[in-house]
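To keep things clear, I will list the structure first and then write my remarks on it.
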Amino acid sequence: MGGAGGPARCRRGGGQLMARLPVREEIAAAAPYGAPHPPVPVRLNVNENPYSPPPEVVESIVRRVRAAGVGVNRYPDRDFAELRSALADYLIRESGVAHITPEMIWAANGSNEIMLHLLQAFGGPERALVTFEPTYSMYREIARGTFTDWKPGKLEADFTLDLGHGIGHIDRADPRIVVLASPNSPTGTALPFATIEAIVRHVEGRAIVVVDEAYAEFRRVGTASAVELLEKYPHVAVSRTMSKAFAAAGVRLGYLAGDPELIGYLRTVRLPYHLSAITQATALAALDHAGLMLAAVTELRERRDRLAGALAAMGFEVADSDANFVFFGRLADRHDVWEQLLARGVIVREVGPDGWLRVSVGTESETLAFLRALAEIRKELE
Ligand SMILES: *Cc1c(COP(=O)(O)O)cnc(C)c1O
């Protein structure tokens with residue numbers, strides 16, 4: 001991953017990488033996170049919503065930012081009260097859970113920064129974080145950055161989580177934090193509510209459970225959100241983002257719902273004024289128009305199901321998806337397929353277990369372009 005654009009390093013004896021500066025060894029050995037992003041016409045690699053906001057939302061953003069501009073000589077509201085309240089309202093509407101208050105909401109520059117705050121407060125040296133692989137690779141990287149001991153368990157071959165393995169692994173690892181991504185990335189599969197609750201009950205008094213619901217709005221009908229667990233369990237926190245369904249990846253706004261005590265610890269570790277006045281204004285404008293921002297979700301979900309069906313009909317294995325992407329395999333040489341798609345102007349993501357690729361749901365024509373290119377490549381391989 002990443003690869004190009006890393007800092008200058010020199011190679012000495014034995015081909016070992018040697019940094020010229022006194023950097024931490026594990027940082028010198030790592031590449032910066034990031035999917036390759038060559039300028040191709042069909043970009044289906046980072047799970048964005050493919051539609052830009054309608055003109056009236058753009059107008060609202062301009063109005064809110066203009067008003068914020070008048071006050072930029074001052075630091076922003078460091079507790080972003082108005083934004084917390086708007087996020088609480090949105091989460092109540094989306095999840096159907098009524099008791100969410102602004103004191104239960106935290107926000108940061110993307111849900112990645114939320115995860116950083118969580119690991120700064122609950123992780124650290126001699127404290128373990130458990131994830132179940134394959135999952136989102138940033139957990140591991142943020143664990144590294146916070147000196148947290150990352151102890152991965154595993155998902156089954158069909159990317160479900162076996163509760164017996166999960167509990168056994170947690171008991172051996174003795175974590176302070178368990179992160180469950182549901183719907184998961186890169187697989188797309190959501191965890192059953194009962195599995196999440198069983199883990200939550202099992203670790204009570206020992207660990208917090210963070211459910212990363214970055215793709216929640218895309219979940220299939222009947223799949224419950226872990227937001228429903230918040231009233232009963234103060235050691236549960238649910239992380240969400242405006243980057244995916246909300247069609248606002250450029251705003252960099254992630255948020256979390258949890259017990260006010262937990263939120264208080266995140267306040268302690270955050271940098272002062274971490275959310276700029278411009279970010280707050282832009283996120284508020286988008287939340288003013290939540291209905292418009294989310295207008296494409298139904299369409300994207302239906303297209304996802306058709307895309308999964310089309311890939312299965314072509315003979316691929318397809319992971320169950322509750323997200324805006326589909327994970328498919330098994331490819332004898334996935335890198336070759338990735339490159340051949342790229343040569344046809346389509347970029348997907350090479351991530352997770354070997355033999356699989358992840359494709360985001362784009363517009364109708366982008367999705368068709370992907371399927372057409374893939375069919376051509378398969379014909380050549382035969
Ligand atoms: C995309 C994604 C996020 C979102 O990150 P942001 O920093 O909010 O853009 C979080 N978790 C998972 C699993 C994701 O795939």
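The values are calculated or read from the model by the stated rules, or taken from the named source; none is laboratory data. Treat the numbers as computed from the prediction; the structure is a model and nothing was measured. Here the Cβ is made from the backbone with ideal geometry for all residues, glycine too, and neighbour counts use every protein chain on show. For accessibility, only protein heavy atoms count, side chains too; no ligands or nucleic acids. Shrake-Rupley method; radii C 1.70, N 1.55, O 1.52, S 1.80 Å.
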Verdict on Arg172 being assigned by TED's automatic domain parsing to the domain that holds Ala107, more than 23 Å from Asp259 (Cα to Cα) and within 18 Å of the chain's Cα centre (by Cα)
no
When only residues in the stretch 113-137 that are under 25 Å from Asp354 (Cβ atoms) and open to solvent by 30 Å² or more (accessible area, probe 1.4 Å) count, which is nearest to the ligand (Cβ to nearest atom)?
Tyr136
Identify, from the list Thr160, Thr195, Thr189, the residue that is β-branched (Val, Ile, Thr), out of contact with any Pro (no Cβ under 8 Å at 6 or more places or on another chain), open to solvent by 10 Å² or more (accessible area, probe 1.4 Å) and assigned to a loop (DSSP other than H, G, I, E, B).
Thr160
Only one of these is away from the ligand (no atom under 16 Å from the Cβ), part of a helix (DSSP H, G or I) and within 23 Å of the chain's Cα centre (by Cα): Arg93, Arg64, Arg140. Name it.
Arg93
From the list Ala247, Ala281, exactly one residue is crowded, with 23+ Cβ neighbours inside 10 Å, among the hydrophobic types (A, V, I, L, M, F, W, C) and either over 30 Å from Arg301 (Cα atoms) or within 13 Å of the ligand (Cβ to nearest atom) (or both). Which is it?
Ala247
Within the stretch 172-186, tally of residues that are in a loop (DSSP other than H, G, I, E, B) and either more than 10 Å from the ligand (Cβ to nearest atom) or of a type in the set (D, E, K, R) (or both):
3
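Going by what's in this entry, would Leu311 be described as in a helix (DSSP H, G or I) and either open to solvent by 20 Å² or more (accessible area, probe 1.4 Å) or touching a strand residue (DSSP E or B) at 6+ places or on another chain (Cβ under 6 Å) (or both)?
Working: in a helix (DSSP H, G or I): yes; either open to solvent by 20 Å² or more (accessible area, probe 1.4 Å) or touching a strand residue (DSSP E or B) at 6+ places or on another chain (Cβ under 6 Å) (or both): yes.
When the stated conditions are applied, Leu311 passes them.
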Neighbours by Cβ (under 8 Å, 6+ apart or cross-chain): first from the stretch 205-217, more than 11 Å from the ligand (Cβ to nearest atom); second charged (D, E, K, R)
Arg206/Asp174; Arg206/Arg176; Ala207/Arg176; Ile208/Arg176; Glu217/Glu94; Glu217/Lys244
